[in-house]
Amino acid sequence: MALLEVKNLEVSFETPDGVVQAVNGMSFTLDQGETLAIVGESGAGKSQMVLAFMGLLAENGSVRGEALFHGNDLLKMKPRGLNGIRGKQIAMIFQDPMTSLNPFLTIEKQMAEVVMHHQGLRREEAKAHAVEMLRAVRIPDPEERIKQYPHEYSGGMRQRVMIAIGLLCEPELLIADEPSTALDVTVQAQITELVSELRKQTRMSLMLITHDLAAVAEVADRIIVMYAGEAVETGGVDDIFYRPQHPYTRGLLASVPRLDRASDDELQAIPGNPPNLQELPEGCRFRDRCTEAMEQCRKRPPLWVSDDGRSSRCFLPMEGGRTLQNATEPEHDE
Amino acid sequence: MRQEGLLRHAAVRLLGLIPTLLVLITIAFFLIRMAPGGPFDGEKVLPPEIRANLDANYHLDEPLLQQYFRYLGQIITGDFGPSFQYKDWTVNELIAQGFPVSATVGGLAMLLAFVLGTLIGTVAALRQNTAVDYSVMGVAMLGISIPNFVVAPLLILGLAVYAGWLPAGGWDWSWQRMILPVITLALPAIAYIARLTRGSMIEVLHSNYIRTARAKGLPESLVIRRHAFKPAILPVISYMGPATAALITGSVVVERIYSIPGLGSYFVQGALNRDYTLVMGVVVFYGVVIVVLNFIVDLLYAWLNPRIRYSEAP
């Protein structure tokens, strides 16, 4: 059984200007020990999808669908049940390390409370465990540093602390939401490496959310490409990089700088902007920016799937795939 | 290291209080002298010889500037001098008698306001935009807008005259006589603190570190208590300095209505009678209390907020 199985997840927000549909019918599975990357532009709904099944949506957000963790639906759980999983079996690292730690509490307090709460450790044991974890994420002099407050740490160091907090209870799933975006480029690489290295040491699954397709090339097993709230293409990392099917994926790849390309070879940007989530166009959502748009793209494109777990939502046929349109996929019925 | 930073912060702030007090004393001294009349101008005009004697005795015949420096020299030793009006009483004695009463009523009112205000504000923040929130905050708005000279008679009428549960006024250090004045003084402060707490609590609950705390799987009550409460009451702490000072130095109106022998009544009497030493004494004493309370709040703030502990004091 998959560790996490998300089925038809929908996230929407009530705003004064109307309903914003952030995530549309996302379905995917995540196996034990697998690293799944979710890639897409800002506003594609990556973070909101994860926050939704972690029960961390803003008050004006609502979620539908299913998110089965070990077969239990996270979305139907009572706060008590969910709190038994959050931080213990599923841990999460956030995008902005500068504001994600509580500035009023020492690092020790913020780390110890996790194991004290989930594993019933006493303060001294909890502290010793926290020191070990800081050592594991390579904070120098952890016995002293643990007594300090977040403002005495640099951005990269804070993100290491966030990672250490996430790993305290040896979770089965670590969700990293753009863990390196807010950091310096040199530190970005360190953080990404650290996460994937720590993952290899455990049997942990990793869900990596990023807008940087290149950054996940060496880390991910599988990739989901999201656009305007839905998955446009899913596949193994090699499939996505070497045999991209969807024009959007191809556009993303063309916009990544590469060393093996001639230096006078221009980077291709995808023209235009993602659609307004309040007034999504009918048919293909990528239509207006797509270089291969056709007349029929005004209708909703079919979903191509293959037996090896690839999928693409486009009128262009996917190699080795068959369409699923109107077969098993439930239509939006609102 | 942390202790050291806090101590130095305290020392620098303490030195900064001296010029503040000096300015206060100077302005108050010349203001009360500018008011027409003097302590010995009454219905009955005194014979000139007696008047000259009195003035000489209290040094009122000296040039004003000389009196000012004489007064400064005197209060440095902590002596506020004799009262002009309450014969046989020094101003120090009057303050020693009135202040404990005012401080008790005011201190209890502030304590009540802090506990109830933060509690109500937190509840309203957690039930944001619900009926609970709206009704609690509506009542709070009433608490701020209705002046205490309206609230006090209503409380007396309801709880003392009709119900007969509590005495209507007077003072004998019993808790029964403290209840009504304390409530009267606390009501607007409760309301204000509740509004402050609600606003900052809502802001704090939307911050990223609260999301982190929730992602850790901590129960919501612990998230509020451990992660949100401290940052949320920071604005309340800064409000409490001047507010406490205002309450414990005695509310003239409330002390009058409940016939409480506090400092406030001496202040009013002193000003009306041109009792220079009494007015000056009470003003200086008020000033010290306010300045010291602000200083304490400052330290409390630094202690609560680790980020300003090491920074140089302004």
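Coordinate-derived values only; no laboratory data. All figures in this text were calculated on a predicted structure; none of them were measured in a lab. Quick reminder, even Gly has a Cβ in these numbers, built from the backbone with ideal geometry, and neighbours come from all protein chains shown.
Summary of computed values
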read-out: In degrees, nearest ten, helix B:91-126 long axis to first principal axis of chain B (Cα); value: 20 degrees
read-out: Positive minus negative residues near A:Ala182 (Lys, Arg vs Asp, Glu; Cβ under 14 Å); value: -3
read-out: Which listed pairs, of A:Lys46/A:Lys147; A:Lys76/B:Lys230; A:Lys46/A:Lys76; A:Lys46/A:Lys88, have C-alpha distances above 28 Å, in listed order; value: A:Lys46/A:Lys147; A:Lys76/B:Lys230
read-out: Chain B: angle of helix B:64-76 to the longest principal axis, Cα-based, in degrees nearest 10; value: 50 degrees
read-out: Size of charge dipole - chain A - debye, nearest 20, with Cβ of Lys, Arg +1 and Asp, Glu -1, no other charges; value: 720 debye
read-out: Highest-MSF residue in chain A out of A:Arg199, A:Arg160, A:Arg298 [GNM, Cα springs under 10 Å]; value: A:Arg298
read-out: Hydrodynamic radius of the protein assembly as shown per Kirkwood, over alpha carbon pairs, in Å; value: 30.2 Å
read-out: At R0 = 30 Å, FRET efficiency that the Cβ-Cβ distance of A:Ala2 and A:Arg138 yields, to 0.05; value: 0.40
read-out: Highest-fluctuation residue, A:Arg145, A:Arg285, A:Arg122 considered, GNM on chain A with Cα pairs under 10 Å; value: A:Arg122
read-out: Long-range amide H partners of A:Ile93 with built H, under 5 Å; value: A:Ile175, A:Ala176, A:Asp177
read-out: Ranked B:Ile296, A:Ile163, criterion: other C-beta atoms within 10 Å, fewest first; value: B:Ile296, A:Ile163
read-out: Extreme residue, positive dipole direction of chain B, given options B:Gly169, B:Leu31, B:Ile224 (C-beta unit charges); value: B:Ile224
read-out: Peptide A:83-96, shielding by other chains (average Cβ, 10 Å cutoff); value: 3
read-out: Proximal charge balance of A:Ser42 [Cβ under 13 Å; K/R count +1, D/E count -1]; value: -3
read-out: Charge dipole of region A:30-167 about the Cα centre (unit charges at C-beta), most positive-ward option of A:Val161, A:Leu74, A:Leu51; value: A:Leu74
read-out: Antiparallel DSSP beta bridges within the protein assembly as shown, percent to nearest 5; value: 65 percent
read-out: GNM result for chain A, Cα springs below 10 Å: residue of A:Met207, A:Met77, A:Met133 fluctuating most strongly; value: A:Met77
read-out: Antiparallel DSSP beta bridges within chain A, percent to nearest 5; value: 65 percent
